[in-house]
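This report concerns only the one structure given below.
The values are calculated or read from the model by the stated rules, or taken from the named source; none is laboratory data. Small disclaimer: the values here were computed from a predicted structure and weren't measured. FYI the Cβ positions are ideal-geometry reconstructions off the backbone, even for glycines, and counts take in every protein chain you see. Accessible surface is based on the protein model in full, side chains and every heavy atom, while ligands, DNA and RNA are left aside. Shrake-Rupley method; radii C 1.70, N 1.55, O 1.52, S 1.80 Å.
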Amino acid sequence: GDQLLLEFSVDKPGAYNVLANLTKAKDYGIINVKVNDGESTELDRYHPQVTTDRVSLGRHELLQGVNRITITIVGANENAIPRHMFGLDYLKLVQP
């Protein structure tokens, strides 16, 4: 149930594909990710070795100025060491 709220700024409002480069490892949890008030995306971040991958968080209407991304820990993979970790390397915003 722990949450992390991050803010990011957008110069030009509009529709963006939101991509996140996220870490996976043997002690990482299952998370819900939500951009602004959009639909949440559930992601299992368990992997036997430390690695990263770029994940699409969908297409979102972003506001000029401050937007937010909320990450909520919702559980752990049955194979994971239950430390419920999370790692975000970067967000990438792409206009279609």
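Some points to look at:
- Count - residues of the range 69-83 that are within 12 Å of L43 (Cα to Cα), assigned to a loop (DSSP other than H, G, I, E, B) and out of contact with any Asp or Glu (no Cβ under 7 Å at 6 or more places or on another chain): 1
- Total residues in the range 1-55, condition open to solvent by 90 Å² or more (accessible area, probe 1.4 Å) and free of Cβ contacts under 8 Å to residues at least 40 places away in the same chain: 6
- For the range 57-90, a tally of residues being free of Cβ contacts under 8 Å to residues at least 60 places away in the same chain and open to solvent by less than 70 Å² (accessible area, probe 1.4 Å) returns 10.
- Looking at the range 1-44, the strands (runs of 3 or more DSSP E) lying wholly inside it that each contain 3 or more residues that are of a type in the set (S, T, N, Q) sit at 14-24.
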